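Asker: Below is the structure I would like to discuss, written out as structure tokens.
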Amino acid sequence: MDAATLTLVVGMVTFVGTHLLMSHPWRAGMVRRFGQGGFMGIYSFISLVAFSVSVVAFGKAPATPQLWDGQALVPWVLASLLTFVASALFLASIVGNPALAGTDIAGLSTRIPNGVFKVTRHPMMSAFTLWGIAHILVAPSLRTIIFAGGMIALALIGSRGQDAKKAALYGADWKVWMRRTSFLPKPSAFGNLGLYWVAALPVWLLLTWLHLKLALIPAGLWVWLEQL
């Protein structure tokens with residue numbers, strides 16, 4: 001394994017591992033010792049450094065060999081659809097999401113899930129998971145599997161940890177919410193996203209355009225639009 005790929009492994013293991021540890025088992029102890037502000041400062045600093053190291057190492061790591069032709073029509077279309085769905089889930093996750101930190105969930109057990117929460121109770125983490133899968137589909141190299149795979153692991157394990165923590169903190173309110181909602185997205189419920197599909201289109205087009213301009217790699221429809 002070359003030095004850049006090894007650095008990427010270390011960076012992602014550090015990013016994912018410290019993120020999970022500081023979000024769950026270490027959080028209470030660190031807050032008691034450093035205060036909420038101190039904890040957030042340490043948390044943010046370690047996460048930023050580990051993520052930055054990973055991004056730089058990703059850029060230097062070899063992009064080949066690839067397990068399949070990610071630029072072929074099928075993986076490209078699938079990846080484009082997944083990132084579009086991820087955009088809609090992410091936008092829908094911002095409003096009224098009881099999974100977000102600091103949200104008051106008192107009385108959540110009396111709430112009937114609607115909108116995105118008929119799809120999943122973790123729409124933001126689901127969006128990150130779909131983003132990771134999409135990138136592996138179109139660029140199935142070792143560096144992408146390490147980087148995107150780390151993000152997928154963080155989203156899925158983090159969501160499980162979040163369920164456990166909130167169930168311990170809020171008891172029946174969160175446990176009832178878990179029974180009424182799905183951990184993984186339910187494709188049959190995607191129609192409940194409603195206008196978020198409309199809002200996601202310009203966001204998705206902008207993000208894929210920025211991907212082309214900043215990363216110099218076409219994404220989504222731009223792979224064809226740039227040829228017109």
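Asker: Calculate, for the chain, the solvent-accessible area per residue in square angstrom, rolling a 1.4 angstrom probe over the heavy atoms of the protein chains.
Answerer: Ligands and nucleic acids excluded, the figure is 54 Å² per residue.
Asker: Using alpha-carbon pairs under 8 Å, 6+ residues apart, how would you state the relative contact order of the stretch 1-98 in percent? Please report the intermediate quantities before stating the final value.
Answerer: Values: 44 pairs, mean separation 38.8, N = 98.
Over the stretch 1-98, the number comes to 40 percent.
Asker: From the protein chains alone at 1.4 Å, what is the descending order of accessible area for R33, R160, largest first?
Answerer: Result, largest first: R33, R160.
Asker: May I pose another question? What's the tally of Lys pairs in the chain whose alpha-carbon atoms lie under 20 angstrom apart, where the two lysines are 8 or more places apart or on different chains?
Answerer: For the chain, qualifying lysine pairs total 7.
Asker: Hey, another quick one. Can you pull the one-decimal nm distance between simple spin-label points at V55 and D69, each 7 Å off the Cα toward Cβ?
Answerer: 3.3 nm
Asker: Relative contact order of the stretch 100-178, please, whole-number percent, based on alpha carbon pairs below 8 angstrom and at least 6 residues apart.
Answerer: Working: 55 pairs, mean separation 34.5, N = 79.
Answer for the stretch 100-178 is 44 percent.
Asker: Roll a 1.4 angstrom probe over the protein heavy atoms and tell me the percent of accessible area of the chain that is carbon or sulfur.
Answerer: 73 percent
Asker: Using 1/(1 + (r/R0)^6) with R0 = 41 angstrom and r between the beta carbons of A4 and S182, what's the FRET efficiency to the nearest 0.05?
Answerer: On the way: r = 39 Å, r/R0 = 0.94.
Efficiency for this residue pair is about 0.60.
Asker: Calculated FRET efficiency, K175 and L21, Cβ-Cβ r, R0 30 Å, to nearest 0.05?
Answerer: Result of the calculation: an efficiency of 0.75.
The values are calculated or read from the model by the stated rules, or taken from the named source; none is laboratory data. Quick caveat, the model's predicted, so the values are computed rather than measured. FYI the Cβ positions are ideal-geometry reconstructions off the backbone, even for glycines, and counts take in every protein chain you see. Side chains are part of the model used for accessible areas, which takes the heavy atoms of the whole protein and leaves out ligands, DNA and RNA. Shrake-Rupley method; radii C 1.70, N 1.55, O 1.52, S 1.80 Å.
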